[in-house]
Amino acid sequence: MTEYFIRRILQSLLVLVLVSIVTFGLIHAAPGGPTQIFLSPGLSQEAAKVQAHNLGLDQPIHIQYFKWVGGLLKGDLGYTFKNHVPVGEILWPTVGNTIILMGTAWILSLLIAVPWGIYNSTKPYGFSDQTSSFIAYIGFAMPTFWFGILLQELFALKLDWLPLSDMWTMGQEGNLSNLFMHMILPITVLTLGFLAAYSKYSRSSMLEVLEQDYIRTARAKGVKERKVIFRHALRNSLIPIITILGLDLPILVGGAALTERVFNWPGMGRLFIEMAVAREYSVLMAIALITAVVVVIGNLIADILYAIVDPRVQLGKGGKSA
């Protein structure tokens, strides 16, 4: 087990280095740099060169990368080009806001979708299963930004039941009831998307397990159906779901950019869009790195959960095996 974790940590470090190199190169290769964003139209090329020199953008890209890595190793994420604000000051609060929103929607979706999907697998094509399929189709087909705008139009503008956008009403920061009211609409949008995917995965995974020979054998021996479902089938049906959850874990910090944009939620997804438009390279690199770290952690957690739910999976010498 120790050997496995050491090997995974070394692999993860290599992945993070490669991700940082590729991301750094792509960001700097994108057309329209910071100097073109900041300079007013009509200024001379000489002014642009002076501005690039002041920002350190006239240096070779590998020198810029190594300087960024050097700062990162010291815990310095860099500064914004425009106002020279430390990246951490504007990034970390948005990470917390995104986790509040996405984490709530994610957990709520799991609590509804997994039991519902399992129940529907025991009564396929029944009323509950058809209702779940209908909701799933809506969740897959409806763009989140459009669904968000519809909810705003109905519940905020026409009925005036809920706030239109933002995380707090001005002057009520820290009021939990106020925060709850602001979360209802964006969480409804996000939950529908999660619910559509998780309920279908849960149902199909459980249906596949219920067709296995050992389940038929258990039923033939007269084992009660409830025991067959929860003792024999449930653990094996969770393996594909764990894979999906591990891959979705980065969403908790990466955020749903469109949803945060529609509801003006001060999260990391909205920040990424704003910083991409402003060509704030340091902020973009920090967001990309955090997302990559969470992807690595999500995959590691998924591997550990595989071993927990399926004793055939062994984490140790020779890697993961089943």
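The values are calculated or read from the model by the stated rules, or taken from the named source; none is laboratory data. Predicted model only: the values in this text are computed from it and were never measured. Virtual Cβ from ideal backbone geometry, glycine too; neighbours counted across all protein chains shown. These accessible areas exclude ligands, DNA and RNA; they are computed on the full protein's heavy atoms, side chains included. Shrake-Rupley method; radii C 1.70, N 1.55, O 1.52, S 1.80 Å.
The table below lists the values:
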{"item": "Residue in region 235-247 that is at pLDDT below 90, of a type in the set (Gly, Ala, Ser), buried (at least 18 other Cβ atoms within 10 Å of the Cβ) and part of a helix (DSSP H, G or I) present", "result": "yes"}
{"item": "Residues of region 154-163 satisfying the condition of being assigned to a loop (DSSP other than H, G, I, E, B) and of a type in the set (Phe, Trp, Tyr)", "result": "Trp161"}
{"item": "Checking Leu179 against (1) under 29 Å from Tyr306 (Cα atoms); (2) part of a helix (DSSP H, G or I), the condition it does not meet", "result": "(1)"}
{"item": "Search result, residues across region 155-171 that are at pLDDT 90 or above and more than 28 Å from the chain's Cα centre (by Cα)", "result": "Leu157, Lys158, Leu159, Asp160, Trp161"}
{"item": "Residue check for Gly75: over 23 Å from Pro266 (Cα atoms), small (Gly, Ala, Ser), open to solvent by 50 Å² or more (accessible area, probe 1.4 Å) and at pLDDT below 90", "result": "yes"}
{"item": "Matching residues in region 52-66 - criterion: being open to solvent by 30 Å² or more (accessible area, probe 1.4 Å) and in a loop (DSSP other than H, G, I, E, B)", "result": "Leu57, Asp58, Gln59, Pro60"}
{"item": "Within region 107-154, tally of residues that are open to solvent by less than 60 Å² (accessible area, probe 1.4 Å), aliphatic (A, V, I, L, M), at pLDDT below 90 and more than 16 Å from Ser204 (Cβ to Cβ)", "result": "2"}
{"item": "Listing of helices (runs of 4 or more DSSP H) fully contained in region 82-153 that carry 2 or more residues being out of contact with any Gly (no Cβ under 7 Å at 6 or more places or on another chain) and of a type in the set (S, T, N, Q)", "result": "87-122, 127-141"}
{"item": "Residues satisfying the stated conditions in region 205-229, i.e. touching a Ser or Thr at 6+ places or on another chain (Cβ under 8 Å) and surrounded by 12 or more Cβ atoms within 10 Å (Cβ to Cβ)", "result": "Ser205, Met206, Leu207, Glu208, Val209, Leu210, Ile229"}
{"item": "Residues that are open to solvent by 10 Å² or more (accessible area, probe 1.4 Å) and polar (S, T, N, Q), drawn from region 253-293", "result": "Asn264, Ser282, Thr291"}
{"item": "The one condition in (1) open to solvent by 70 Å² or more (accessible area, probe 1.4 Å); (2) modelled with pLDDT of 90 or more that Val69 fails to fulfil", "result": "(1)"}
